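Structure first, commentary second.
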Amino acid sequence: MTAPLLIATPGNEQQAAGLAAALGFDLGHLETRQFPDGETYLRFLTSPEGRSTALFCTLDHPNDKLLPLIFAAATARELKAAKIGLISPYLAYMRQDRRFKPGEAVTSRQVARLLSEAFDWLVTVDPHLHRYGALGEIYTIPTRVVHAAPLISQWIKSNVTSPLIIGPDSESEQWVSAVANDAGAPYCVLEKVRHGDRNVEIKLKDLDSWSGRTPVLVDDIISSGRTMLEAVKLMAARGWPQPICIAVHGLFADDSDTLLLQAGARIVTSNSVPHRSNALDTGSILATAVRQLAGSDP
Ligand code: R5P
């Protein structure tokens, strides 16, 4: 029986190698580069013919990555791969989940359609499910969602004495409550109003009954960083110790990692997007889900 093939798109080589080793999959290789005019050149250096094939591509900076990814999946199909899966620890475009203003694109549905047409299955880590209850509402292929909450709570238990887990907005409650329960710590959720991409307002609640604890802000995504930054500044203004900011996916647009560090925060993220703050390894939680969907070749 031939082992399934796991192939990294550029930038994902290290994690894909670890995952392939953990799963006993063969690591395949893809050659890809840009032509001088910006078009994509792509070539499978390992033949996927007749083999269950998984592409590993996390989707931060999605506009640069989506088209080459679709080309890779289509080429694997032309080369007669048995089954083509996508391992995308960070699944982009999930926050555009409603037409907030007339005429807006609901890009979560459009990206879901593109990926569902290109792939046979998908594994991801904590997609931003807010107005959708499950990926199956927009993806038409089998999907598995794995959760980073146990990794976060384990990290907190090992590194923070007497934490107070804080969610910056109501959307974060799903992660915050799971993390707090598992870490045996109290939690609260703040109120956030977003006025624009880089303009958020956060209202701090009365946290005095938890004074003396270390504030640990937990959210799914740090993008512009404004959500975390506002919360960090408010905590500092109220005299709380410097907080720890934990996110599943650290995108860090606008140099927000630097801004958070300058504001006195410590940053911890999962390796769903490679960054120096990565302290939570998603490899083991991905492996179980990938094994279920990629299976073995007949
Ligand atoms: C919001 O719905 C998410 O859970 C995050 O709070 C948000 O994506 C963070 O964005 P930013 O870092 O741009 O404030």
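The values are calculated or read from the model by the stated rules, or taken from the named source; none is laboratory data. Predicted, not measured: the structure shown is a model, and the values here were computed from it. Every residue, glycine as well, gets a Cβ built from its backbone with ideal geometry; the counts of neighbours run over all protein chains shown. Areas reflect the complete protein model, heavy atoms only, side chains present, ligands, DNA and RNA absent. Shrake-Rupley method; radii C 1.70, N 1.55, O 1.52, S 1.80 Å.
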Worksheet entry | Exposed GluC sites (Glu not before Pro) absent: longest stretch of the chain, with sites in DSSP loops and at most 14 other Cβ within 10 Å deemed exposed | 105-298
Worksheet item: For Arg276, what is the net charge nearby, where nearby means another residue's Cβ is under 15 Å from its Cβ and Lys, Arg count +1, Asp, Glu -1?
Response: -3
Worksheet item: How about the stretch 24-103: which trypsin sites (Lys or Arg not before Pro) there are in a DSSP loop, with at most 13 other Cβ atoms within 10 Å of their Cβ?
Response: Lys80, Arg98, Arg99
Practice prompt. Mind checking which lysines have their Cα closer than 19 Å to the Cα of Lys203? Skip sequence neighbours fewer than 8 apart in that chain.
Written response: Lys192, Lys233
Worksheet item: Where the accessible area of the stretch 1-123 is counted over protein heavy atoms with a 1.4 Å probe, how much of it, in %, is carbon and sulfur?
Response: 50
Worksheet item: How much length, in nm to one decimal, is gained on full extension between His29 and Leu79, taken as 0.36 nm per residue of separation minus their Cα-Cα distance?
Response: 16.6 nm
Item to complete: Roll a 1.4 angstrom probe over the protein heavy atoms and tell me the percent of accessible area of the stretch 128-261 that is carbon or sulfur.
Response: 45
Worksheet item: Residues with amide H under 5 Å of Ala81's amide H, sequence separation 5 or more or different chain, H placed in the peptide plane at 1.01 Å from N; which?
Response: Gly50
Worksheet, complete the sentence: Once the mean of 1/r over all distinct C-alpha pairs in the stretch 151-204 is inverted, the Kirkwood radius in Å reads 11.9
Worksheet item: If you find the alpha carbon centre of the stretch 22-55 and of the stretch 217-257, how far apart are they in angstrom?
Response: 36
Item to complete: Kindly rank 242-249, 141-148 from highest to lowest mean number of other beta carbons found within 10 Å of each residue.
Response: 242-249, 141-148
Item to complete: Determine the distance separating the Cα centre of the stretch 63-126 from the Cα centre of the stretch 259-282; give it in Å without decimals.
Response: 25
Worksheet item: Excluding Leu79 itself, what net charge comes from residues whose Cβ is under 11 Å from its Cβ, given Lys and Arg +1 and Asp and Glu -1?
Response: +2
Worksheet entry | Sparsely packed trypsin sites (Lys or Arg not before Pro) within the stretch 167-225, loop by DSSP, other Cβ within 10 Å at most 15 | Arg198, Lys205
Item to complete: Keeping all protein chains in place, calculate the accessible area per residue for the stretch 25-136 (probe 1.4 angstrom), answer in Å².
Response: 48
Worksheet item: Among bridges DSSP assigns within the chain, what percent are antiparallel (round to 5)?
Response: 20
Worksheet entry | Relative contact order, percent, the stretch 177-298 [alpha-carbon distance under 8 Å, six or more residues apart] | 17
Worksheet item: For Lys65, which aspartates and glutamates qualify as cross-link partners when the Cα separation must be under 13 Å and same-chain residues fewer than eight apart are set aside?
Response: Glu39
Worksheet entry | Gaussian network model of the chain, Cα within-10 Å springs - most flexible of Gly133, Gly38, Gly167 | Gly38
Item to complete: Grab the other residues whose beta carbon is less than 10 angstrom from that of His249, score K and R as +1, D and E as -1, and report the net.
Response: -4
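Remind me, relative contact order of the chain in percent, using alpha carbon pairs under 8 angstrom and six or more residues apart?
With pairs under 8 Å counted, the relative contact order is 16 percent.
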Worksheet item: Tell me, what is a quarter of the convex hull surface for the C-alpha atoms of the stretch 1-129, in nm² with one decimal?
Response: 8.8
Practice prompt. Treat the chain as a sphere of radius equal to its Kirkwood radius over Cα pairs and apply Stokes-Einstein at 4 °C in a medium of 1.567 mPa s; give the translational diffusion coefficient in µm²/s, rounded to a whole number.
Written response: 64
Worksheet, complete the sentence: Of the candidates Val189, Leu115, Leu79, the farthest towards the positive dipole end of the chain (Lys/Arg Cβ +1, Asp/Glu Cβ -1, centred on the Cα centre) is Val189
Item to complete: Calculate the dipole size of the chain relative to its Cα centre from +1 charges on Lys and Arg beta carbons and -1 charges on Asp and Glu beta carbons; express the result in debye to the nearest 20.
Response: 300
Worksheet item: How many nm separate the modelled label positions at Asp255 and Met1, each set 7 Å beyond the Cα in the direction of the Cβ?
Response: 5.3
